[in-house]
Amino acid sequence: MAHFTKATSVKDWLNQRLAIEKVEKVMASEYWIPKNINFLWAMGLILMITFVLLLVSGIFLLMYYQPNVDTAFYSVNYTIMRDVDFGWLWRHVHGVAASVVFLIIYIHMFTGIYYGSYKKGREMIWLSGMLLFITFSAEAFSGYMLPWGQMSYWAGMVITNLFSGGSLHADFLVEWIRGDYVPAQAFLSRFFMLHVLLLPLAILGLIGLHFAALRIPHVNNQDGEEIDFDAESKKYLAGDKVGSKVMRFGNDFLSKDMMVVGIYLIFFFYLVFYHYGFAMDPVNFDPADGLKTPAHIYPEWYFLWSYEILRPFSTDIGLMAFGFAQVIFVLLPWLDRSPNTVPASRRGLFAIWFWAMLLDMIVLTAMGKLPPSGIFSTIGLVAALTFIGLWILLPIITMFEKKV
Ligand code: HEM
C-alpha cells in the first residue's frame, strides 16, 4: 500500500487519496486554450449546460409522467401543467431547452465547418460530434412521442413509416420498431425507455468521447494558426503570460466563457417565461387519435431541412435523398480535400460553398414548414437539388485549393 501521512487539511486528505491536484491540473490549470478564439468557442460549454438543464428538468418531469397510452396525455397536460407546483416551469424549461439545444448545435457545427475544425487530427472530434447530433435527434424524437398528443402520434406514424423503405415494402421492419401495426402501448413504452435511459446514457458516453478527442489536437483558433502547445505552455509557465499564445482553461478561459454563458442564460430564461409557446405545437394539445389525421404533419423546426429533402421527390428517390442528407455531414473531413485549416474567408471557392450551404439549409427549413404545393414545392425541389449538388461539388472545388 502507498505511504499515507497525517493530513494537514481536507484538501490534503483528499489529495492523498484521489490526487485531486493532479486532476485539477490536467482538466483546468494546465489544459491549454489558444488566446485567439472568439465567443463562438463558448458554444460547447453552452451545449453542456443546456444538456444539464434537460437532465434536471427531465428528472422532475419523470416524477409525474405516466408512460401509458390512456394516461400519458393527462399526466402531462393536467397533472404536470396544473396540479403539481411549478410543474409548468419544469415542462417549459425542458421544452425550450430541447429546441434551443438544436439552435446551438447548428451554430457549433457551422463554426466548426467555417474554421475547418474537422481537419487534420480533429476528425475524431467531428465524428463524435456527429454521433452526438444523431443521438440528440433520436432523443428529441422519442421525447416528442411522450405527451401522446396528435402530433406525437402522427409524427411517430410518419417517421416509422420511413423504415418500410418505399418500394422495398419492409413493413415487417416498421411493425418490429412499433411492436404493433400502429403506434400504441408497446411503441410508447419503448420510446419512453429510449428517452429516459438508453439515449441519455449514450449521450453521456459520447460527450466523454468528444472531450477526449479534443485533448491531443486541442481546439482550433480563428486565424488558422498552427500552435505548438508544448512550447507555448512552457513559455506561459515560465512567466511570459503575455507573450505566450495560450492560456489556462481554468479559470482564465472559463471566466471569459462564463460571460457568454450569462448572456445565453438571460436569453434562455426570457424564452422560458415569455415565449415558451414556440417550442410546443398547438396540435399536440389534442390527445392522440388514430382516426383523425391532422391537416399538415411536420416535424419540429430542427428536422425541417432534412424533411424537405425527402418531400419533393417520389417515394424511393425521396428516401434515398433523405438517407444521403442524414449521413453526408459525417463524411465532411474526407470530402474536403483541401490541405488548409484556415477560416473559410481565406479559402476562395470554399467560402462560397459555405455560405451557399448555410443559406440553402435555411431555405429548406422554411419550405419544410409550408404545405408542399405551388411555388413552395418548386422552391423546395430546387433547394433539395442544390443541397445534393453542393456536396457533389465539395471534393472537386477543394481538390484544387492552393495551400495558403
Ligand atoms: C451536443 C453535445 C455537444 C457538446 C456538449 C459539445 C462540446 C464541445 C466542447 C466543450 C468543445 C470545445 C470548445 C468549443 O469549441 O466550443 C467542442 C468542440 C468541437 N465540437 Fe462539439 N459538442 C457537442 C456537439 C457537437 C456536434 C454536433 C458537432 C458537429 C459535428 C461538434 C463538433 C465539434 C468540433 C469540430 C469541435 C472542435 C472545435 C475546434 O477545434 O475549434 N460538436 N465541443
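Counting only residues that are out of contact with any Phe, Trp or Tyr (no Cβ under 8 Å at 6 or more places or on another chain) and either at pLDDT 95 or above or hydrophobic (A, V, I, L, M, F, W, C) (or both), how many does region 363-377 have?
Final tally of qualifying residues: 4.
What single numbered condition from (1) out of contact with any Ser or Thr (no Cβ under 6 Å at 6 or more places or on another chain); (2) assigned to a helix (DSSP H, G or I) fails to hold for E226?
Unmet condition: (2).
Which residue out of L197, L201 is within 16 Å of the ligand (Cβ to nearest atom), out of contact with any helix residue (DSSP H, G or I) (no Cβ under 9 Å at 6 or more places or on another chain), in a helix (DSSP H, G or I) and without any contact (Cβ under 8 Å) to a residue 12 or more places away in the chain?
Sole residue among the options that is within 16 Å of the ligand (Cβ to nearest atom), out of contact with any helix residue (DSSP H, G or I) (no Cβ under 9 Å at 6 or more places or on another chain), in a helix (DSSP H, G or I) and without any contact (Cβ under 8 Å) to a residue 12 or more places away in the chain: L201.
Which residue, of Y276, Y264, Y298, is crowded, with 17+ Cβ neighbours inside 10 Å and more than 21 Å from L53 (Cβ to Cβ)?
Selected residue: Y298, the only one of Y276, Y264, Y298 that is crowded, with 17+ Cβ neighbours inside 10 Å and more than 21 Å from L53 (Cβ to Cβ).
So is L173 hydrophobic (A, V, I, L, M, F, W, C), within 16 Å of the ligand (Cβ to nearest atom), assigned by TED's automatic domain parsing to the domain that holds R91 and assigned to a helix (DSSP H, G or I) or not?
Criteria not met by L173.
Mind listing just one residue for me: the one in region 205-216 that is closer than 16 Å to V26 by Cβ and within 9 Å of the ligand (Cβ to nearest atom) and, of those, surrounded by the fewest Cβ atoms within 10 Å (Cβ to Cβ)?
Looking at residues that are closer than 16 Å to V26 by Cβ and within 9 Å of the ligand (Cβ to nearest atom), I get F211.
Go through region 236-246 residue by residue and tally those that are surrounded by 17 or more Cβ atoms within 10 Å (Cβ to Cβ) and either under 28 Å from the mean Cα position of the chain (by Cα) or under 20 Å from Q222 (Cα atoms) (or both).
3
Name the one entry in S117, S152, S75 that is at pLDDT 95 or above and not in a helix (DSSP H, G or I).
Step by step, each of S117, S152, S75 is checked, and only S117 is at pLDDT 95 or above and not in a helix (DSSP H, G or I).
Just to check your reading of the model, which residue among L89, L61, L103 is modelled with pLDDT of 95 or more and within 16 Å of the ligand (Cβ to nearest atom)?
Criteria check complete, one pass: L103.
When you scan region 352-404, how many residues do you find that are polar (S, T, N, Q) and on the phi > 0 side of the Ramachandran plot?
If we filter region 352-404 for residues that are polar (S, T, N, Q), which is where we start, we get 365, 373, 377-378, 386, 398.
With the extra rule that they be on the phi > 0 side of the Ramachandran plot, the set shrinks to none.
Of the residues in that region, 0 qualify.
Within region 114-138, how many residues turn out to be within 8 Å of the ligand (Cβ to nearest atom) and over 29 Å from T160 (Cα atoms)?
5
Quick one: count up the residues across region 366-378 that are closer than 12 Å to R311 by Cα and of a type in the set (V, I, T). Before the answer, list the steps.
Initially, region 366-378 is screened for residues closer than 12 Å to R311 by Cα, giving 367-373, 376-378.
Filter once more, keeping what is of a type in the set (V, I, T): 378.
The total comes to 1.
The values are calculated or read from the model by the stated rules, or taken from the named source; none is laboratory data. Computed from a predicted model, the values in this text were never measured in an experiment. Note: ideal-geometry Cβ built from the backbone for every residue, glycine included; neighbour counts use all protein chains shown.
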